[in-house]
Each structure stands twice: as structure tokens, then as C-alpha cells.
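Note sheet for the following structure.
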Amino acid sequence: MITLSVIKADTGGFVGHSAVHPDLLEAAHVAVNGAVADGLLIDGTVAACGDDISLIMTHEHGANAEPVHGFAWNTFLHTTEIAKRLGLYGAGQDLLSDAFSGNLRGLGPGYAELEFTERPSEPVICFLADKTEPGAWNLPLYKIFADPFNTPGLVIDAKMHAGFKFEVYDLQAEKKITFDCPRELYEMLMYIGAPSRYVVHAVHSKTLPEQAAATSTQRLSLIAGKYVGKDDPVMIVRCQSGLPAVGEVLEPFAFPHAVAGAMRGSHHAPLMPVGVDAAHPSRFDGPPRVVALGFQITNGRLIGPRDLFTDPSFDRARAIANEAMDYLRRHGPFEPHRLGLEDLEYTTMRQLEDRLINRWQPMASPPLPVPM
Ligand code: F6R
Ligand code: MG
Ligand code: MG
């Protein structure tokens, strides 16, 4: 068994929240190469989407392993130091605790981890997003693993015909449930159609003994009890030979669906698929971006990445995303561009509301006297 871990954090933005400074990426690269040389990791690489650094690592320690999570935590402490020295924006933003204790759960950095026995050929795609929340993966995961209009393999491939099981987290109640699809498609959609609360955490094949997909599912605001930046989730999807093909996994992103995020994490905006070079959201701290890094994993080695959204066949998705952004922006501070009140709960809007709390009168009360 090997484990593929993608662990990410925003440890400082360059400029504002738009990108990662090259010095931070360099430091993360050096750290990962050192961990490979020391034998902690089989292989590793570093990538960025927006202001988030992702450590993409293969190893034999399993998921939630102290040495691997500890290594990521220390690397992020180090990049935070550099960010502080350079005066970068929001240095150490995602490190919500002072102390590491065994694993990264509840500490701020996000992680998706998949344990599997490597197949003779093992194609995987690591998706990294910026300026949005983990529920952003719900719609594409539904399409990839449950929608035959997206994934003909569900109809044509005997190994996929039985369907997939989706593990869904209720992030507010801190509960989880598994839906057996296609039998429970409608039940599942009832929940995952509300992506701010219900998030697909994992997908398993019903035919193969394989976990097919894993996402990072933490909500920073629910951990911190206030708005501290969007979660900027990551996702791993294994492909081919009884799992959806690479093209079936990428196809949902040809539609830049609306997600929560962008400016102040408080707006609906389209999720734009881009190559790594264009993953720097600057207009209205958005539109939210997603990059797709393809690897072949061979004896644990990461052969790649291929920067999959550089394919010009995603140009139209980018054009639609820009058009959708223009349309939504014209709503200014009005819903549905701005998130509904419930989802603004952890922003400073609550403090502003408190200032007016005593000014609200029952509607039936006599009108205030008009000054003469
Ligand atoms: C988006 C995000 C940014 C900030 C915004 C204001 O995830 O974090 O949109 O919310 O740039 O940042 P502050 O309040 O730090 O000036
Ligand atoms: Mg940031
Ligand atoms: Mg970010």
C-alpha cells in the first residue's frame, strides 16, 4: 500500500491574496527534496494555486500519519517565517494553532489522502483550488462518478456499471453518511446540493477494492469560529481501468459552476479551470480557480505533473467564467452574488449587525416623530 497525501496551506500571499511568492515555493521544494532524501517520503513535489502551497507526497506511513503531517506543519512554519520576513500578506494565515499535536486535524492546513495498492499503471489527478470551499467538489464528483451524461463508462464499462459509494460529511453536525449510488442518487443530491454544509469526503468503487477519490473537507471558519480566509480545498481522483477515464474526470470542469468564495469569501462566482501559470486570482479576489495536475504513480514515484487544464478545449469554460463573473458582479452587494445570510455567519457582518441591534423596532410601533 502507498499513500498519496496532498497537504496545503496559505502561509502568506503575494500580492494580497493572489499568489505564492517564489521564495516560499523554493523553500517548500527544498524541504520536500530533503524529506525524500531522508526516506520519509518516497517522492514529493510542490505546487501552488492562488495563495496556497500544496505539498504532493507519496509515502508508506498511511493517512493521518504523524511524521508526514508533522513534516508538512514544519514546512508551513518555515514558509510562514519567510513570508513574515518579506512582509507578505496574511503570513501564517492558515496555521490556526501554536502547537502541532499528532496530526493536522483542526489545525488549519487542509489535506486529502488516499491509500491504495498501486496498479500496473496508476494515473491520478490532483486538483487544487483557490478562493472557494470544499463543497466546490460536490458537483464535479457527482458528475464524474454518478452521471452517465458525463461519464459514459458508467453505462459502457462492466467494472463501473454497479456504480460508486459516496461518503458525505455534515460539517455542521460533524456526522457522516455513505450513499450507495445509483440506488440512492436522489437522497444524496438532497444533501450535497447544499455544499456549504454537506461535502463529499471520499468515493469508493463498488466493484474494485479501491478508493477512487478523496477531498480535503475542513471548513476553516468552523474551526476558528470566524472568517479566516476560504479553505481552498484539494482533491485526489484516481483514473482509468474501472475508474473514470482522465477525460471523464476533467469533463465536469468544462462547466464553470458557481461556488462560494471570491472576494472576502462571501460571493458566488464561477470556478475557472486554468493552467498553473494562470492560477492567480486577482479580479475581485477571484474568480475562484482550479488546477488539475496529472501524475502517473510508478513504484510510488510521481511521474509528472501534466498541467491538464492548459488544454485549449477549456478555453470556452474560461470565457463562460468571465462572462458569468461580469453578470454576477453587476449585482454588487445583492444576493445571489453575495452569499445568503446564513453563510455570512462567520464574517464580520455579525459584528456590524450588533451595532444596529437596538435600533430595530416592532413594525406595529408608532412611527418615529419627524423632526420639524
Ligand atoms: C478570499 C480572501 C480575500 C480577503 C480580502 C480582504 O478568500 O481571503 O478576499 O477576504 O482580500 O482581506 P483583508 O480583510 O485581510 O483586507
Ligand atoms: Mg490568503
Ligand atoms: Mg487561498
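The values are calculated or read from the model by the stated rules, or taken from the named source; none is laboratory data. Treat the numbers as computed from the prediction; the structure is a model and nothing was measured. Don't worry about glycine lacking a Cβ; one is built from the backbone with ideal geometry, like all the others, and counts go over all protein chains shown. Side chains are part of the model used for accessible areas, which takes the heavy atoms of the whole protein and leaves out ligands, DNA and RNA. Shrake-Rupley method; radii C 1.70, N 1.55, O 1.52, S 1.80 Å.
Across region 1-28, the qualifying residues are those that are more than 10 Å from ligand 2 (Cβ to nearest atom) and among the acidic types (Asp, Glu), and the one among them that is most open to solvent (accessible area, probe 1.4 Å) is 26.
Taken over region 77-117, residues that are basic (Lys, Arg) and modelled with pLDDT under 95 amount to 1. Consider region 246-290 and keep the residues that are over 28 Å from residue 344 (Cβ atoms) and aliphatic (A, V, I, L, M). The one that is farthest from ligand 2 (Cβ to nearest atom) is 246. Condition check for residue 221 on (1) outside any loop (DSSP other than H, G, I, E, B); (2) on the phi > 0 side of the Ramachandran plot; (3) of a type in the set (S, T, N, Q): one failure, at (2). If the condition is being in a loop (DSSP other than H, G, I, E, B) and over 22 Å from residue 230 (Cβ atoms), then region 316-347 contributes only 330.
Residues of region 217-247 that are aliphatic (A, V, I, L, M), within 12 Å of ligand 1 (Cβ to nearest atom) and open to solvent by 10 Å² or more (accessible area, probe 1.4 Å): 228 alone. On the basis of being open to solvent by 10 Å² or more (accessible area, probe 1.4 Å), touching a helix residue (DSSP H, G or I) at 6+ places or on another chain (Cβ under 9 Å) and modelled with pLDDT under 95, does residue 74 make the cut? No. For residues that are open to solvent by less than 20 Å² (accessible area, probe 1.4 Å) and under 26 Å from residue 57 (Cβ atoms), tally how many sit in region 303-338. Within region 303-338, residues that are open to solvent by less than 20 Å² (accessible area, probe 1.4 Å) and under 26 Å from residue 57 (Cβ atoms) number 1. Looking at 31, 9, 63, just one residue is within 16 Å of ligand 3 (Cβ to nearest atom) and touching a residue at least 40 places away in the same chain (Cβ under 8 Å), and that residue is 9. Scanning region 1-28 for residues that are within 17 Å of residue 81 (Cβ to Cβ), more than 16 Å from ligand 1 (Cβ to nearest atom) and not in a loop (DSSP other than H, G, I, E, B) yields 22, 23, 24, 25, 26, 27, 28. Checking the conditions here, which among 68, 36 is out of contact with any helix residue (DSSP H, G or I) (no Cβ under 6 Å at 6 or more places or on another chain) and open to solvent by less than 10 Å² (accessible area, probe 1.4 Å)? Just a single option satisfies the conditions, and that option is 68. Annotation: of all residues in region 82-127 being in a helix (DSSP H, G or I) and basic (Lys, Arg), the one that is farthest from residue 16 (Cα to Cα) is 85. Taken over region 155-178, the criterion of being more than 23 Å from the chain's Cα centre (by Cα) and either open to solvent by less than 40 Å² (accessible area, probe 1.4 Å) or within 23 Å of residue 259 (Cα to Cα) (or both) is satisfied by 160, 163. Listed here are the strands (runs of 3 or more DSSP E) enclosed by region 245-315 that have at least 2 residues being more than 25 Å from residue 205 (Cβ to Cβ), in contact with a strand residue (DSSP E or B) (Cβ under 7 Å, 6 or more places away or on another chain) and modelled with pLDDT of 95 or more: 258-261, 267-270, 289-298.
Across region 29-53, the qualifying residues are those that are under 22 Å from residue 118 (Cα atoms) and part of a strand (DSSP E or B), and the one among them that is nearest to ligand 2 (Cβ to nearest atom) is 46. If you filter region 179-208 down to residues that are open to solvent by 30 Å² or more (accessible area, probe 1.4 Å) and touching a residue at least 60 places away in the same chain (Cβ under 8 Å), you find that the one that is farthest from residue 90 (Cα to Cα) is 198.
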